[in-house]
1. Considering the stretch B:87-114 alone, what residues qualify as being surrounded by fewer than 19 Cβ atoms within 10 Å (Cβ to Cβ) and in a loop (DSSP other than H, G, I, E, B)?
2. Which one is farthest from the ligand (Cβ to nearest atom) among residues in the stretch A:18-38 that are charged (D, E, K, R) and farther than 18 Å from B:R154 by Cα?
3. Enumerate the pairs (first residue in the stretch A:27-53 and under 24 Å from B:R167 (Cβ atoms); second residue anywhere and of a type in the set (K, R) and more than 16 Å from the ligand (Cβ to nearest atom)) with beta-carbon separation below 8 Å, excluding pairs fewer than 6 apart on the same chain, so at least 6 apart or on different chains.
4. How many of the residues making up the stretch A:39-58 are surrounded by fewer than 20 Cβ atoms within 10 Å (Cβ to Cβ) and within 11 Å of the ligand (Cβ to nearest atom)?
5. Within the stretch B:182-234, can you find the residues that are more than 10 Å from every other protein chain (Cβ to nearest Cβ), without any contact (Cβ under 8 Å) to a residue 60 or more places away in the chain and among the charged types (D, E, K, R)?
6. Please indicate, with yes or no, whether at least one residue in the stretch A:26-35 is surrounded by fewer than 19 Cβ atoms within 10 Å (Cβ to Cβ) and aliphatic (A, V, I, L, M).
7. Restricting to the stretch A:1-10, and then to whatever is in a helix (DSSP H, G or I) and facing another protein chain (nearest Cβ under 7 Å), can you tell me which residue is nearest to the ligand (Cβ to nearest atom)?
8. Looking at the stretch B:138-181, which of its residues are out of contact with any Asp or Glu (no Cβ under 9 Å at 6 or more places or on another chain), within 16 Å of the ligand (Cβ to nearest atom) and among the small types (G, A, S)?
Amino acid sequence: MLTCQELTELVTDYLEGRLSLWDRVRFRLHVGMCRHCRAFLHDRKLAIETLGKLPADPIPPVVRDELLEKFRGWKR
Amino acid sequence: MDRSDDIRGATPRNPPAKVGVHRATGGADSATPEDAALIERLLAGDEAAFAGLIDGFHGRLVRLARTFVKDQATAEEVVQDTWVGVLDGLRGFEGRSAIKTWIFRILVNRAKTRGVREARSVPFSGLPGLDDVGEPAVDPSRFGSDGMWADPPRRWEDDTPETLLLREEARGRLEQAVEDLPARQRAVLVLRDIEGVSADEVCNILEIADTNQRVLLHRARSALHRALDRCLEEE
Ligand SMILES: [Zn+2]
């Protein structure tokens, strides 16, 4: 059986859908039986989803005006 | 378990990409009908369409540019360059990739060129560097000698991405942890997880091999996970 420590190193390949069929089965078997690794997987997914929602800074108004000016120039 | 394990849903079981071969076309990131409509409006000189584009992308481009250059001012310049590149290329845009991917690619090329010319860049090659190898995903002291959890993770039961980001402390830590990543890991993480670019396209944009991409992503995600863990632990 996979150890918990091994699982934490395979988690990215698992989530990226890049484990071999056999490793995928071993991974799921372990997660099915180990609540700590279920927690780990849950937390990892939450961390990734959170990254996907990190807002970026808004465009500075001066830069925005300059770029719109460039666009007008480009149009012609 | 079900498909929800594949976080993005878009890239489960990609066929193994051939190392060193960068596919130029197709895949999950090709242009959408919305992209086509936007291009049409831009080509017609629709200023509101361009305003929407820069409002939506500028800050994200600066964030990505920061990965390649050492200061904020240079990042801003690189992004300005990128917008010029976008306008220059617009009439030749063929829709083989999503607009997003296309713009990111322009940015990365400009950022690398500028970095090299001004020697202000973070050295960026396709191979993981010394910073990128060796570190375990989880502190080994948290496991027993049998490899099972001795200090098990606490399940972040009550949190959602939204509640986490509303907490300034957590959000600040997360942003700091991204900034602290070695350059290659940071670039991969920003593209793959923050921007949701497909793994194939990340390889393509950064000109790195698929396996390296995943090693870098794994290190980066693990570092972010640890940072968030520490932060939530302290509460
Ligand atoms: Zn376990």
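Each reported figure results from applying straightforward, stated rules to the coordinates on display, with no laboratory input. Keep in mind that this is a model prediction, so the values were computed, not measured. Ideal geometry is used to build each Cβ from the backbone, glycine not excepted, and the neighbour counts take in all protein chains shown.
1. B:R91, B:G92, B:F93, B:E94, B:G95, B:R96
2. That would be A:R18.
3. What qualifies is A:R44/B:R221; A:A47/B:R221; A:I48/B:R221.
4. Number satisfying all stated conditions: 1.
5. Listed by number, the residues that qualify are B:R230, B:E234.
6. The answer is yes, given that some residue of the stretch A:26-35 is surrounded by fewer than 19 Cβ atoms within 10 Å (Cβ to Cβ) and aliphatic (A, V, I, L, M).
7. Selected residue: A:C4.
8. B:G144, B:S145, B:A150
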